[in-house]
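Since the structure comes first, as structure tokens, the remarks are kept for the end.
The values are calculated or read from the model by the stated rules, or taken from the named source; none is laboratory data. Not measured: the values here are computed from a predicted model. Glycine gets a Cβ as well: all are built from the backbone with ideal geometry, and neighbour counts include every protein chain shown.
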Amino acid sequence: MAWGNAVRLRRIALENVRCLASLQLDMSYLDGQALDQAVLFGDSGSGKTAVLDALAQICELGDESMLSEAYGPRLIRQGQSSARIAIELDHGVKPVGAALSLRPADSPWLRPVTEVTQSAEPPRLSWPPKGRIAYLRARSSLDLKTKLQQLTWRSLRLGKEGLRPPLHPALQRLRTLFARLDPQGRTLLFASDLDEPWLILGQAPAQLETKESLRTLGQTQWIQPASLLSESERAVLDLAAQLTLREVVPDIAIVDEPLPSWSEQRRAGLIQMLREQLPDTQLLVATSSQAILRSVHDYERLLLSPAAK
């Protein structure tokens, strides 16, 4: 597939990162071009989270708490004096290399400096490549409450006086995807005067609700505030929000698959769902699900085993 000027992840090399003494992952076809998608597979403790956290550290993905000065040294394997994270990216047809060395004695006031090497020919990739790479996980850096409040106010501006306004298109996308992902088949309700969405079984009205309309609706149908969702159900909502409310479509999506409420049959369709939502994005999905592993080709499987430790 021709990616134009997009960024694509091609290789990952780790030394002394968490449980991994040494690991090299190749995300390319036989002709050297980067894979469109790959599944990082392994049992609990095999190092999947170590790989994702290393990528988050070197690309500066996530919130300040994740990228704090103390976080880098915590990636170092126990008993070792340092760790190294290196990646290779394709920027259009130009290679970009980045490497980060971590030491316990790094200054508590400064983050470790990432060494970036790339072609001298323009355009050059700015570092960190924020917006180019997204890390989608259950505990995301996306401020869901603030984002939903902004979109409900935009919905109000779309409406006419005396009528309940239609949903903002981003809220409609979130509702559609969540209904598809939710094991119980619930739909999201959004209200102009509430801080959180509510849920209703089955289909929901296509407009922005009010507190009074929700009260009336609750007299005849089952509804529930999203704050009562379980942790696994919240993971589904977070994933749907990160896919549909993102203002910039990323070149690379790193996906941690924490969906314990899903059956293996539903997990089997995860890659297809991600591809539908992000058709031009390179996918790296970390999972321990055999169903997800079977949904991709052999050459798209990156297998972690105790031998890699």
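When the stretch 245-286 is limited to residues that are among the charged types (D, E, K, R) and farther than 20 Å from M27 by Cβ, the one that is farthest from the chain's Cα centre (by Cα) turns out to be E264. When P73, P104, P112 are screened for being surrounded by 16 or more Cβ atoms within 10 Å (Cβ to Cβ), closer than 15 Å to N16 by Cα and modelled with pLDDT under 85, only P73 passes. Among the residues of the stretch 164-218, those identified as within 24 Å of Q265 (Cβ to Cβ) and among the hydrophobic types (A, V, I, L, M, F, W, C) are L174, L177, F178, A179, L181, L188, L199, L201. Candidates in the stretch 256-309 are the residues that are touching a Phe, Trp or Tyr at 6+ places or on another chain (Cβ under 8 Å) and acidic (D, E); of these, the one that is farthest from L181 (Cα to Cα) is D280. Annotation note: of R154, R175, the sole residue that is assigned to a helix (DSSP H, G or I) and at pLDDT below 85 is R154.
Of all residues in the stretch 267-309, which are among the charged types (D, E, K, R), surrounded by 15 or more Cβ atoms within 10 Å (Cβ to Cβ) and modelled with pLDDT under 95? R267, K309 - these are the residues of the stretch 267-309 that are among the charged types (D, E, K, R), surrounded by 15 or more Cβ atoms within 10 Å (Cβ to Cβ) and modelled with pLDDT under 95.
Checked against the criterion of being assigned to a strand (DSSP E or B), surrounded by fewer than 20 Cβ atoms within 10 Å (Cβ to Cβ) and at pLDDT 95 or above, the candidates A98, A38, A13 yield just one match: A13.
Only one of the listed residues (T287, T281) is in contact with an Asp or Glu (Cβ under 6 Å, 6 or more places away or on another chain), of a type in the set (V, I, T) and under 27 Å from I87 (Cα atoms). That residue is T287. List the residue pairs whose Cβ atoms are under 6 Å apart, where the first residue sits in the stretch 102-126 and is among the acidic types (D, E), the second is at pLDDT below 85 and surrounded by 13 or more Cβ atoms within 10 Å (Cβ to Cβ), and the two are 6 or more positions apart or on different chains. That search, which allows pairs on different chains as well, returns D106/P112. Scanning the stretch 16-35 for residues that are charged (D, E, K, R) and surrounded by fewer than 18 Cβ atoms within 10 Å (Cβ to Cβ) yields a count of 2.
Considering (1) small (G, A, S); (2) in a loop (DSSP other than H, G, I, E, B); (3) in contact with an Asp or Glu (Cβ under 8 Å, 6 or more places away or on another chain); (4) at pLDDT 80 or above, the lone condition that S126 does not fulfil carries the number (3). How many residues does the stretch 81-95 contain that are surrounded by 13 or more Cβ atoms within 10 Å (Cβ to Cβ), of a type outside the set (D, E) and closer than 21 Å to S22 by Cα? Final tally of qualifying residues: 7. Checking each residue in the stretch 265-288 for being under 19 Å from Y135 (Cα atoms), touching a helix residue (DSSP H, G or I) at 6+ places or on another chain (Cβ under 6 Å) and outside any helix (DSSP H, G or I) picks out L283, A286. In the stretch 157-172, the qualifying residues are those that are at pLDDT below 85 and of a type in the set (A, V, I, L, M, F, W, C), and the one that is farthest from D238 (Cα to Cα) is L163.
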